[in-house]
Structure formats: C-alpha cells, structure tokens
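Beneath this line is the structure, given in structure tokens, with notes to follow.
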Amino acid sequence: MTPPHPITPEDAAARDARLNVSAVSAAVMVAATLVALKLWALWATGALSVAASLADSALDLIASFAGLAAVIYAARPADDDHAFGHASAEDLAALGQAALVTISALLIAARAGDRLLSPTAEPLRAEGTGLMVMGISVLLTGALVLWQRRVAKHTGSRVVAADALHYMADLLPNLGAIGALVASALWGVGQVDSAVALASSALLLAGAARIASGAWNALMDRGADDATMMRLAQIADAAPGLNGWHDLKTRTSGARLFVQIHVEIDGTLSLHDAHAIGARLRHQMLDAFPKAEVIVHKDPA
C-alpha cells in the first residue's frame, strides 16, 4: 500500500482558506435570510426590539460581505509588493466590523431611550408572527456560531472569530426580543421592548470594543500573548547547541504569527553545523506553532 503523502504547508493553507470562505459564506446566507424575515416581523409587530435585531442583522450582512472579501484576499500568497502576505486584510475587516456595530448600537440605544422616556408606551402587535421569526433567527444563528467557532479554532482566522463573536452577541438580543413579545402578548407590558433594546446595545458595544482591540493590536504590530512568548522562550532554552539567545520578537497578522530570535552559537563551528543548529530550533518552533513564520539570526558566541 502506498503511504499517504504528507500535507505540505501550502496544502494546509489552501484547506484553511476553504474553511474560512465556507464559514463567512454561511454567515452571508444566514444574515440575508434573517434580514428578510425580520423586515416582515417589524412590519407586522412594530416592536423596537425586533427593529434592533433587524438593524444588527443588516449590519451583519454588510460586515460578512466585507469579511468574505477580506478572507479571499488574505488567502493570496506573498508577492513582490506584500512580502509577508496579505493576512492584515483580516484585521482591517474586523476593525470595520467593530465600527459598524458601534454605530448600530448607539442608534438603537438613542431610539430606545426616547421610547422609554415617552409618557405612553407604543403597543406591539402580531406578537405571534414576531415570535416565529425570532425563533427561526435563534436557531439559524446558533447553528452558524457553532460552525464558525469550529472553523476559527482550526484555522485561527481573525475574521471568522470576529464574525462568531458578533453572531454570538446576536443570540441575546434575539432572545430578548422573544421575551419582549411574550411580555406584550401575555401582560400587555410594552416597555420591556425598549429595555431589551438598551441591553442589546450595551452588549453590542462591548463586543465591538473586544473585536476592535484585537484588530488594532494586530495592525499596530503588537507582540504575541504572554503564553505564546513563554512557550517560545521554553523552546529556545531547551534547544541543543545554543550558548544563549536574545531579542525574541513577535507580531501577528491575521491568523499568522511572525517570530524573530537571535541565537548565540560557538563561533568555531563550521557554517554547516551552525546552520543545522539554527534550522533545528526553527523547526521546533514551527512544530509548536504551525502557522508561524520563524527567522533565526545566528550570532557567534
């Protein structure tokens, strides 16, 4: 029997790109479906909580389209103009998503505040239609989040992870809208609708801040997290043939990790032996972080 061919880094990158595209394409289809359903529900019920959920889904659709374009662009290989690849497109898309979510949350909060301060609460209507639409929304969103989280864990895509966080935040507003419609149908309490919209806005703002922070840090070449730095240092400390090491530097771009390290090697060794020591360290780091690009500078001790 012919042994299976090992998966090359190029094959793995292509597989990850396909998974990322599938996850964001699914988000586009789900968002488009939810926008159509919630437009109908808003027309039927007049519920502000449904309007809040509709606005969020509409922005989800725009952000997912942008995310899809970013994922496709980020998968392009390095070229003469982008020697380190195109992965930063994912960070730009994530930052744009955060801006759209922030604007949406502020507008929803302002409208909810006006309605809460109004002396008379606007009655809701056709609560059954709204409940059916929001129930479908919860099921579709939950299934999408499960798939996106699985893909993000496998590929490390920042855009897919941001989309998953965004749609995860959508679940609470959708559940809140269901609660508001139930309260209106059973007890005639309409102000629950505005309170749910305000709570949803706060949740959206928190999610936007989290997404923006990760994307901004990547665009500003912030180093890897403490756990990653500690693991890299442990690998360097245990590497045979080194007299020491210094200037360990990292940065992230999309799902990729870039590592540079200076190692001190006996200056009397041949170039061939010194190169072998550095290459062994590089492969050890790549074994621990397969999506990394590692550069080892060799200094004579």
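The values are calculated or read from the model by the stated rules, or taken from the named source; none is laboratory data. Here the structure is a predicted model, which is why all the values come from computation and not from measurement. A quick note on method: Cβ atoms are made from the backbone with ideal geometry, for glycine too, and the neighbour counts reach across all protein chains shown.
For Leu242, all conditions in the list (1) modelled with pLDDT of 90 or more; (2) part of a loop (DSSP other than H, G, I, E, B); (3) under 30 Å from Asn20 (Cα atoms) hold save one; what is the number of the exception?
Checking Leu242 against (1) modelled with pLDDT of 90 or more; (2) part of a loop (DSSP other than H, G, I, E, B); (3) under 30 Å from Asn20 (Cα atoms), the one that fails is (3).
From the list Ala195, Ala183, Ala199, Ala209, exactly one residue is among the aliphatic types (A, V, I, L, M), farther than 25 Å from Ala63 by Cβ, at pLDDT 70 or above and in the same structural domain as Val101 (by TED's automatic domain parsing). Which is it?
Ala195
Kindly establish whether Val35 is in contact with a Ser or Thr (Cβ under 7 Å, 6 or more places away or on another chain), at pLDDT 75 or above, under 20 Å from Val160 (Cβ atoms) and in a helix (DSSP H, G or I).
no
Looking at this structure, is Met230 modelled with pLDDT of 75 or more, assigned to a helix (DSSP H, G or I), touching a helix residue (DSSP H, G or I) at 6+ places or on another chain (Cβ under 7 Å) and farther than 24 Å from Ala99 by Cβ?
Numbers: modelled with pLDDT of 75 or more: yes; assigned to a helix (DSSP H, G or I): yes; touching a helix residue (DSSP H, G or I) at 6+ places or on another chain (Cβ under 7 Å): no; farther than 24 Å from Ala99 by Cβ: yes.
For Met230, the condition - modelled with pLDDT of 75 or more, assigned to a helix (DSSP H, G or I), touching a helix residue (DSSP H, G or I) at 6+ places or on another chain (Cβ under 7 Å) and farther than 24 Å from Ala99 by Cβ - is not met.
Is there a residue in the stretch 107-115 that is crowded, with 21+ Cβ neighbours inside 10 Å and either of a type outside the set (Val, Ile, Thr) or modelled with pLDDT of 70 or more (or both)? Please lay out each step first, then the result.
To start, the set of residues in the stretch 107-115 that are crowded, with 21+ Cβ neighbours inside 10 Å comprises 108, 112.
Add one more test, that the residue is either of a type outside the set (Val, Ile, Thr) or modelled with pLDDT of 70 or more (or both), and what stays is 108, 112.
Checked against the condition, which is being crowded, with 21+ Cβ neighbours inside 10 Å and either of a type outside the set (Val, Ile, Thr) or modelled with pLDDT of 70 or more (or both), the stretch 107-115 yields at least one hit.
Cβ-Cβ under 7 Å, sequence separation 6+ or interchain: first residue in the stretch 247-263 and over 14 Å from Asp225 (Cβ atoms), partner at pLDDT 90 or above and in a loop (DSSP other than H, G, I, E, B). Which pairs?
Val263/Leu242
Out of all the residues in the stretch 283-301, which are within 27 Å of Ala161 (Cβ to Cβ), touching a strand residue (DSSP E or B) at 6+ places or on another chain (Cβ under 9 Å) and without any contact (Cβ under 8 Å) to a residue 24 or more places away in the chain?
Leu286
So, in the stretch 257-267, exactly how many residues are at pLDDT below 90 and outside any strand (DSSP E or B)? Can you show your working first?
Filtering the stretch 257-267 for residues at pLDDT below 90 gives 257-258, 267.
Now narrow it down to the ones that are outside any strand (DSSP E or B): 267.
Of the residues in that region, 1 qualify.
Among the numbered criteria (1) in contact with a helix residue (DSSP H, G or I) (Cβ under 8 Å, 6 or more places away or on another chain); (2) part of a helix (DSSP H, G or I); (3) within 30 Å of Val159 (Cβ to Cβ), which single criterion is violated by Arg282?
(1)
Of all residues in the stretch 263-283, which are within 29 Å of Met220 (Cα to Cα) and crowded, with 16+ Cβ neighbours inside 10 Å?
Val263, Gly278, Leu281, Arg282
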